[in-house]
Amino acid sequence: MNLILAASDASTKLTALQSQFGIEGKYLLMQVISFSILAFVLYRFFFKPVLATVDERAKKIGEGLKYAEETRAQLASAQQEAAAIVKQAQVDATKFIEEARKSAKEFSERETAAATERANGLITKAQQAIDLEHKKMIDQARTEIARLVVTTTQRVLAKELTDADRARYNDAAARELTVV
């Protein structure tokens, strides 16, 4: 019974409050229903799409961050590969330069040896030509001297020499010149 008395006492107090603040039950119920409908419509047509958009953007941002991290990792990997390639290229370039220097040195030595050999060949040919020219000049000088001796002898003796005399004087002059 205490419970009934307490319930009736609460009901009396509630009625007193309602009359003091001007609250009527049917209007209160209609406002609760209107608010519920408004809350449902707002949730259904405004909050739900906005929350879906926010979730979608949050998902895209997460994917973007994940992609950025993957890209950063790929960039670091690419930089390491590029550094390795540059280092290998430097090693290859150094090796290539050394080989080129060695090849140029060998080529220079071969060309120097070939030039020396050609120069020696030219010197030998020139010496042979000089010797040949010297012999030719000596032969011409002997012939000319023999002719002069014959002419001088002819004038000195004041007589014409026969071909046999002339040949004998020429031979004698040539022998004399050969001895010299």
Unique residue being under 21 Å from the mean Cα position of the chain (by Cα), among the β-branched types (Val, Ile, Thr) and surrounded by 10 or more Cβ atoms within 10 Å (Cβ to Cβ) when the list is 94, 71: 94
Number of positions in the stretch 30-86 that are at pLDDT below 90 and either in contact with a His (Cβ under 8 Å, 6 or more places away or on another chain) or among the acidic types (Asp, Glu) (or both): 0
Residue within the stretch 139-148 that is of a type in the set (Asp, Glu) and at pLDDT below 90 present: yes
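The values are calculated or read from the model by the stated rules, or taken from the named source; none is laboratory data. Quick caveat, the model's predicted, so the values are computed rather than measured. Quick reminder, even Gly has a Cβ in these numbers, built from the backbone with ideal geometry, and neighbours come from all protein chains shown.
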